[in-house]
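*Asks:* This is the structure I want to talk about, given as structure tokens.
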Amino acid sequence: MSRPSFTRSELAEFRKTGHVTRRDLFQQSTIQSVLDDLNVWSEQFVDTLDPNEQQWFLERGDGSRKALRKLDHPAFHRKPFRELARHTSLKPLIEQLLGSPYHLFFSQVFMKPPEAGSPKPIHQDNFYFGPDNLDATLTVWIALDDATLTNGCLHYCHHHQREVLPHFAPENEPYNLQIDSTHADELELTPVPIQSGGVSFHHGNTPHFSAANRSTKSRRAVAFHYLRNDAILVNSGLKYDSALRMDIV
Ligand SMILES: O=C(O)CCC(=O)C(=O)O
């Protein structure tokens, strides 16, 4: 298999807009093995949650069913995700955008369950992460299901932002750090639907959000967050445990 690489125009697009999409990067057989593992893991995980953790990991519903909102550190806990984070189809592309060497410092699965998946408000990942070099983080977002206009695909701002804007979190949603409305109203964001197996790469400063899942289908995606080895997180909006990092060699 030839080594994948971004074309000059894709690299120019990333520099201009802060994101670039590679459709069909992964075969359905690869995605299916990840989904099979996710089904097993999520069923086990839901049963372990104490009331405090439920607030963080479950969608807020009527209480009649426990719908998972997200799972943290899939690459640390689960082999199929670990293999995906180091996949030969991804590594050369990440190297082109970040420069090497780099490591994975955090990963998360966004579950967006049918008719229950809540929105992820507009934010910049670099507010969450707080790196000392704003160009040193990269998020690789992989669509496990088709991400559509009705089930909550990502929406992106198409002008690269040089600075990190002020964010706040609603009182009962500390995990939903978001750009305040004064700044958010000035940003134009447009939807980027992606089919299962497609991958979106975004710079840590790129404002983005996803809407609620109003469809009858799941919208599951995994986000891998990479950091150059010559950078550190100095001012993170949430806590990231450096013991859970994974080297990419
Ligand atoms: O998948 C989502 O809905 C949100 C993803 C996101 O915010 C991210 O990967 O940075």
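*Asks:* Using the number of other C-beta atoms within 10 angstrom as an exposure proxy, rank Glu43, Glu13 with the fewest first. Could the numbers behind the result be given before it?
*Replies:* On the way: Glu43 10, Glu13 16.
Starting with the residue having the fewest Cβ neighbours, the order is Glu43, Glu13.
*Asks:* Something else: At 7 Å along Cα-to-Cβ for each site, give me the label-to-label distance between Leu189 and Asn176 in nm.
*Replies:* Inter-label distance under the simple model: 1.2 nm.
*Asks:* Taking K and R as +1 and D and E as -1, what net charge do the other residues with C-beta under 10 Å from the C-beta of Thr150 add up to?
*Replies:* On the way: positive: Arg214, Lys217, Arg219; negative: none.
Combined, the nearby Lys, Arg, Asp and Glu give +3.
*Asks:* Let me ask something else. Counting only other residues whose beta carbon sits under 12 Å from that of Leu177, what net charge do I get with K and R as +1, D and E as -1?
*Replies:* On the way: positive: Lys120; negative: Asp125, Glu173, Asp180.
Net of charged neighbours comes to -2.
*Asks:* Work out how far the C-alpha atoms of the chain reach from end to end along every principal axis, then list the three figures in whole Å, largest first.
*Replies:* 51, 46, 36
*Asks:* Could you work out [θ]222 nm for the chain from helices alone, using -39500 (n - 2.57) per DSSP H run of at least four and dividing by all its residues? Round to the nearest 500 deg cm²/dmol. Could the numbers behind the result be given before it?
*Replies:* Details: 8 runs with 66 residues, N = 249.
After summing the helix terms and dividing by the residues of the chain, the value is -7000 deg cm²/dmol.
*Asks:* Cross-link candidates for Lys239: which lysines have Cα within less than 22 Å, leaving aside residues fewer than 8 places away along the same chain?
*Replies:* Straight-distance partners of Lys239: Lys70, Lys120.
*Asks:* Run the quick spin-label model on Asn235 and Val46: label points 7 Å from Cα toward the beta carbon, then report their separation in nm to one decimal.
*Replies:* Inter-label distance under the simple model: 4.0 nm.
*Asks:* Please work out how much length the chain gains when fully extended from Thr17 to Arg3, using 0.36 nm per residue of separation minus the C-alpha to C-alpha distance, in nm with one decimal. Each step should come with its number before you reach the end.
*Replies:* Working: separation 14, 0.36 × 14 = 5.04 nm, distance 2.46 nm.
The span from Thr17 to Arg3 would gain 2.6 nm if fully extended.
*Asks:* Thr139: net charge of surrounding residues, Cβ under 14 Å, Lys/Arg +1, Asp/Glu -1, itself excluded? Working shown, then result.
*Replies:* Numbers: positive: Arg22, Lys120, Arg228; negative: Asp125, Asp135.
Its environment carries a net charge of +1.
*Asks:* Pairs of alpha-carbon atoms within less than 8 angstrom and 6+ residues apart define the contacts here; what relative contact order does the chain have, in percent?
*Replies:* 32 percent
*Asks:* Seen from all sides and averaged, what is the projected area of the convex hull of the Cα atoms in the range 125-229, in nm²?
*Replies:* On the way: hull surface 29.0 nm².
Mean projected area of the Cα convex hull: 7.3 nm².
No value in this document is a laboratory result; all are computed from the given coordinates. Here the structure is a predicted model, which means the values were calculated and not measured. Note that each Cβ is placed from the backbone with ideal geometry, even for glycine, and that neighbours are counted across all protein chains shown.
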